[in-house]
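Some notes on the structure that comes next.
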DNA sequence: ATGTGACTTTAAGTCCGTG
DNA sequence: TCACGGACTTAAAGTCACA
């Protein structure tokens, strides 16, 4: 079910934001984006475009591709229990 | 000058497409997107959003984050004059 | 087989609010 | 501090004709 790149992307944003210890509002401010928009993104309800991906990545101090690293969210079902 | 994520993204799409030996038209078909839209993306004139990023990545048989791996395009010579 | 300007439709992104 | 809705403006999606 890889349909939801929006969901995975949002989870990554949230995870990194939380790890930085900042609020959605603070992240929004650092991105120059709207408070409610960040909320939407984290909940996977928005189809974010390239330039905003970059802005968010920059505000989170990570390269954009880190926001697409879903390995820690969607573990490889490799059956390594 | 990391402003141009559109450019870098487009270059990656093109690079991978070429390496697959397919045309823009063929890629467009595999993505379910329009031929001219792919052309625009590769030239960096479009601000592509998440779902189309995923479609393109899928059509190119790479994970989305590969399209954000700019290391081979923007070599790291940290000479930021 | 691709680049490009123009165009219409759809969704991105803003801003007001409430619980 | 955040989820979420409604209404709004701007930009992305998607298509075309022609170079």
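The values are calculated or read from the model by the stated rules, or taken from the named source; none is laboratory data. These numbers were taken from a predicted model, which means no experiment stands behind them. Cβ sites come from the backbone with ideal geometry, for glycine too, and all protein chains shown count toward neighbours.
See the values below:
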item: Total residues in the stretch B:16-56, condition at the interface with chain A (Cβ under 9 Å from one of its Cβ atoms), out of contact with any strand residue (DSSP E or B) (no Cβ under 7 Å at 6 or more places or on another chain) and closer than 22 Å to residue B:72 by Cα; result: 3
item: Scope the stretch B:22-53; condition more than 13 Å from residue A:49 (Cβ to Cβ) and more than 10 Å from DNA strand C (Cβ to nearest atom); matching residues; result: B:29, B:30, B:31, B:32, B:33
item: Residue check for residue B:16: modelled with pLDDT of 95 or more, within 19 Å of residue A:9 (Cβ to Cβ) and within 13 Å of DNA strand C (Cβ to nearest atom); result: no
item: Criterion violated by residue B:26 - all others in (1) more than 14 Å from the chain's Cα centre (by Cα); (2) exposed (fewer than 15 other Cβ atoms within 10 Å of the Cβ) satisfied; result: (2)
item: Test: residue B:12 is closer than 24 Å to residue A:6 by Cβ and near DNA strand D (Cβ under 8 Å from one of its atoms); result: no
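Per-residue answers, yes or no, for (1) surrounded by fewer than 17 Cβ atoms within 10 Å (Cβ to Cβ); (2) away from DNA strand D (no atom under 11 Å from the Cβ); (3) under 24 Å from residue A:7 (Cβ atoms):
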residue: B:18; (1), (2), (3): yes, yes, no
residue: B:32; (1), (2), (3): yes, no, yes
residue: B:41; (1), (2), (3): no, no, yes
residue: B:50; (1), (2), (3): no, no, yes
residue: B:65; (1), (2), (3): no, yes, yes
residue: B:70; (1), (2), (3): no, yes, no
